[in-house]
Amino acid sequence: MTSKQRFLNALGRQKTDRLPVTTHHLMPSFLDKYMGGISDQDFFDYFGLDPIRWLIAYTFDPSSGEYFDPTHKEIGFLEARRICTDNWRFFI
């Protein structure tokens, strides 16, 4: 079972091969000092954890009707500008 299948099954209250589990962040200094300089992916593979893939949209695709959310005034720490379309919008 892949990490994605495991996560989706857990969300759908279906059986998984094991509980989906991960760690929030990996510091390069930890990997260098205690794990012999292995990569993030090698760390997750070694401990059998499910990696989190962080994706941040930096720009929009105007040809598909996307644009930056004009109501998004303050951008928080590590937050990307919200992208919306006429069919997908954030309401607060």
* **Cβ pairs under 7 Å, 6+ apart, first in the range 1-23 and in a helix (DSSP H, G or I), second exposed (fewer than 11 other Cβ atoms within 10 Å of the Cβ)** => 6/17; 9/15
* Give the range 34-73 a look and list any residue that's outside any loop (DSSP other than H, G, I, E, B) and small (Gly, Ala, Ser), or say none. => 63, 64
* To do: Can you run down the residue pairs with Cβ atoms below 7 Å, 6 or more apart or on separate chains, where the first is in the range 71-88 and within 13 Å of residue 61 (Cα to Cα) and the partner is among the small types (Gly, Ala, Ser) and modelled with pLDDT under 80?
  => 83/57
* Quick one: is residue 31 surrounded by 10 or more Cβ atoms within 10 Å (Cβ to Cβ), assigned to a helix (DSSP H, G or I) and touching a Gly at 6+ places or on another chain (Cβ under 8 Å)? -> yes
* Taking only pairs six or more apart or across chains, which ones have beta-carbon atoms under 7 Å, a first residue in the range 44-59 that is modelled with pLDDT of 70 or more and surrounded by 10 or more Cβ atoms within 10 Å (Cβ to Cβ), and a second residue that is among the polar types (S, T, N, Q) and not in a loop (DSSP other than H, G, I, E, B)? -> 50/3; 51/3; 51/41
* **Single residue of the range 60-92 satisfying the filter (within 21 Å of the chain's Cα centre (by Cα) and of a type in the set (Phe, Trp, Tyr)) that is modelled with the lowest pLDDT** => 90
* Asked: Does residue 60 satisfy being in contact with a strand residue (DSSP E or B) (Cβ under 8 Å, 6 or more places away or on another chain) and closer than 29 Å to residue 90 by Cβ?
  -> yes
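The values are calculated or read from the model by the stated rules, or taken from the named source; none is laboratory data. Keep in mind the model is a prediction, meaning the values are calculated, not measured. We place every Cβ from the backbone using ideal geometry, glycine too, and count neighbours over all the protein chains shown.
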